[in-house]
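Written out below as C-alpha cells is the structure these notes cover.
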Amino acid sequence: MTAPIAVEEQLARVLASTRLLEVETLPVPEARGRTLRQPVRAAVDIPVFDNSAMDGFAVRFADVTDATGAAPVALTVVADLPAGTADDPALRAGEAARIMTGSPVPADADAIVPFEDTAGGLADSLGTVTVQRAPAKAGAHIRRAGEDLRAGDEVLPAGVVFGAWQQGAAGAAGVAEVVVSRCPRVAVISTGTELVAPGSPLRRGQIPESNSVLLAGLVAEAGADLVLRTSVDDEGSQLRDVLAGVLDEVDAVIFSGGVSAGAYEVVKNELAGTMTFSKVAMQPGKPQGFGVAPSGALLFGLPGNPVSAAVSFEVFVRPALLAMQGRAALARPVLRLPASTAWKTPPNRRQYLPATIDRSDPSRWTAGPATAGGSGSHRAGGLGAAEAYVVVPAEVDAVAAGDEVDVWTLEG
Ligand code: AMP
Ligand code: MG
C-alpha cells in the first residue's frame, strides 16, 4: 500500500495541466460574472468636469466670504444651470448662477452656496439671491475633475471577477467593452448502477442521484458553462458512449463515483490508461482520479459520497476552473474562528468539515459541524445546512471547543 499523497501535491498536478482559455471582448452589460483578462483603464476622468455637489448657487467665494444671517449678501442671479447644460456663463463681482447637482461649475465660480444657506431657498431662486451663510472655504461643494480617477488610470486589474460594482466602475469611466475569459465548458457524469432520478420510485438498492445536480451548481458558481449533466451505470459501455459524444466539446469532465477500491469502479476500469488514481491525505475525499484526455480536456474522478464529491470539487476542480479563466485568487477567503464545540479529526489526513457559522454574537462568531452526527461523507442532508468548510491540519487529532480553526467561507 502506497502512502497517501498530500493535498498540495494532487492540486499541483491538476494546476500543472490546466491551460488558460481564450479571451473574448464583451459589452460591459454582458460581461457580469466573467473574469477580466486585461486591466480596465479609464477612458474619461471621474468626475468628467468640475461639477456641483449641491443644488444651489455657483458664486465667487470672495463675494460671500463674510455672509451671515445678520449680515447677508445679495447677489444677482444671471444664469440657470440644469444638469446636462453646456453653458459656462461669465460671473462678474456680485453675480451668481443657479446650479443643480452634477452641472458643470462656471469657470468664474469657485464655491457653491446650497439653497439651505440662502434666504429664499429654491422657491425664490431666480433674480436675486440672499446668501446667509458663507461657504466653509474656496472650492466648497465643488467636485473636481479627475479627483477619483484620471483618464488612462487603471480602474480594475486583470484577474478579478467583473461583478455589478465593477461594471458600474467601468461604465463611469466611459468604458463600453471589456476583455474577459470565455467560460469553461464542463460535463458532469455521475456513475452508479444504484442511482435513479430524484422523485422516481425506489426499489430496494436504489437511491436518488444527487451528485450531478450538486456538481452542476458548483460548476455554475465557478463561472463555467454546463454542457452535459447525466448519469451512467457501472458497466462501462454507457460511460464510453457518453464520453465519446462530449469529449471534444468540453474543457473538463467531472465524474462522480467509481474511483475507489470496490469491484465495480467504472471510471477506474474505463479510464485507467488516461487517468491516475491516487489516495490523497484528506477527509473526506481520499480516492481521487485525475488525467488529461487526448482532446486536452481535464478529467476529474471524484468519489461518489455526496460530501466527498462536494469537498473534492472545492479542493481540486474549482481552482482549476478558476485558473482556466485567469482568476488571480484561487483560494477562498479564510477566517480564523473559535470552534463552537469539540470534535474528533482523522489522524494524518486534512479534514474538510462542512460547517455552519454561529453569528449570534456579532463580535465573536464561532464555527462548528453542520451536522450534529459528525463528518460522515454520506451525510448529504447536512450539506444543506452548511455555509463554510472548517479545515483542520493533518497533524491535529482533535478540536476542542474554543480552539481557533480555519474557516473557508464560500461566497468569495
Ligand atoms: P462510489 O464512490 O461510487 O463508491 O460511491 C460511494 C457512495 O456514494 C455510494 O454509497 C453511492 O451510492 C453514493 N453515490 C455515488 N454516486 C452518487 C450520486 N451521484 N448521488 C448520490 N449518491 C451517490
Ligand atoms: Mg459507485
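Read-outs: derived from the displayed coordinates by stated rules, not from any lab. Computed from a prediction, not measured in an experiment: that's the story for all the values here. Using ideal geometry, Cβ is built from the backbone for each residue, glycine included, and neighbour counts are taken over all protein chains shown.
So what's the net charge close to residue 389: Lys and Arg +1, Asp and Glu -1, counting the other residues with Cβ under 13 Å from its Cβ?
Numbers: positive: 318, 332, 350; negative: 314, 387, 406, 411.
Cβ neighbours under 13 Å give a net charge of -1.
Both numbers refer to the Cα atoms of the chain; Rg and Dmax are 31.0, 97 Å.
Charge tally for residue 365 (other residues, Cβ to Cβ under 9 Å; Lys, Arg +1; Asp, Glu -1): 0.
How big is the dipole moment of the range 51-143 about its Cα centre under a simple scheme where the beta carbon of each Lys and Arg is +1, that of each Asp and Glu is -1, and everything else is neutral? Debye, nearest 20, please. Working shown, then result.
Details: 6 positive and 12 negative charges, 34 e Å.
Using Cβ point charges on Lys, Arg, Asp and Glu, the range 51-143 gives about 160 debye.
Residues whose amide H comes within less than 5 Å of that of residue 379, counting only those at least five positions distant or on another chain, are 307 (H built at 1.01 Å from N in the peptide plane).
Each Cα pair under 8 Å and six or more residues apart adds its sequence gap; the mean of these over the residue count of the range 334-409 is a relative contact order of 49 percent. Stretching residue 221 away from residue 359 to a fully extended chain increases their span by 47.2 nm, per 0.36 nm per residue minus the current alpha-carbon distance.
If I take all pairs of Cα atoms in the range 77-172, what percentage of them are more than 16 Å from each other? Cα-Cα pairs in the range 77-172 separated by more than 16 Å: 65 percent.
Evaluating 6.51 cos²θ - 1.76 cosθ + 1.60 at θ = phi - 60° for every residue in the range 11-17, the Karplus couplings come out as 5, 5, 4, 4, 5, 5, 9 Hz, glycine and proline recorded as x. The calculated FRET efficiency for residue 177 paired with residue 292, based on their beta-carbon distance and R0 = 30 Å, is about 0.35.
For residue 209, nonlocal amide neighbours, meaning residues 5 or more places apart or on other chains whose placed amide H falls under 5 Å from its own, are 196, 197.
Here is the size of the range 139-232 from its Cα atoms: Rg then Dmax, 23.5, 80 Å.
What's the Cα-based Rg to Rh of the range 173-305, Rh via Kirkwood? List each step's numbers first, then the result.
On the way: Rg = 16.3 Å, Rh = 15.7 Å.
That ratio is 1.04, to two decimals.
Across the range 15-63, Cα-Cα pairs more than 18 Å apart make up 63 percent of the total.
Using the Karplus relation 6.51 cos²θ - 1.76 cosθ + 1.60 with θ = phi - 60°, the per-residue 3J(HN,Hα) values for the range 92-98 come to 8, 3, x, 10, 9, 10, 5 Hz, with x marking Gly and Pro.
Quick check: net charge around residue 277, other residues with Cβ under 9 Å of its Cβ, Lys/Arg +1 and Asp/Glu -1?
Working: positive: 268, 279; negative: 265.
My count for the surroundings of residue 277 gives +1.
Working note: Karplus 6.51/-1.76/1.60 with θ = phi - 60° gives the range 360-366 the couplings 5, 9, x, 8, 8, 5, 10 Hz, where Gly and Pro are set to x.
Let's test the formula: R0 of 60 Å, r as the Cβ-Cβ distance of residue 86 and residue 334. What FRET efficiency results, to the nearest 0.05?
Details: r = 52 Å, r/R0 = 0.87.
Calculated value: 0.70.
Return the inverse of the average 1/r over all pairs of distinct C-alpha atoms in the range 334-409, which is the Kirkwood hydrodynamic radius, in Å to one decimal.
Numbers: mean 1/r = 0.0817 Å⁻¹.
Kirkwood radius, the range 334-409: 12.2 Å.
Residues 137, 268, ranked from the fewest to the most other C-beta atoms within 10 Å, line up as 137, 268.
To the nearest Å, what is the center-to-center distance of the range 293-315 and the range 1-63, using C-alpha atoms only? Each part reduced to its Cα centre gives a spacing of 29 Å.
In terms of surrounding Cβ atoms within a 10 Å radius of their Cβ, 73, 113, 334 rank from fewest to most as 334, 73, 113. Take every Cα pair under 8 Å whose residues are at least 6 apart in sequence, average their separation, divide by the length of the chain, and the relative contact order is 16 percent. With neighbours defined as other Cβ atoms within 10 Å of a residue's Cβ, the residues 316, 277, 49 order from fewest to most as 49, 277, 316.
For residue 91, the residues 5 or more places off, or on other chains, whose built amide H falls under 5 Å of its own are 108.
Of the GluC sites (Glu not before Pro) found in the range 178-231, the ones in coil according to DSSP and having at most 16 other Cβ atoms within 10 Å of their Cβ are 194.
Listed by chain and number, the lysines whose alpha-carbon sits under 30 Å from that of residue 268, ignoring those within fewer than 8 places in the same chain, are 279, 286.
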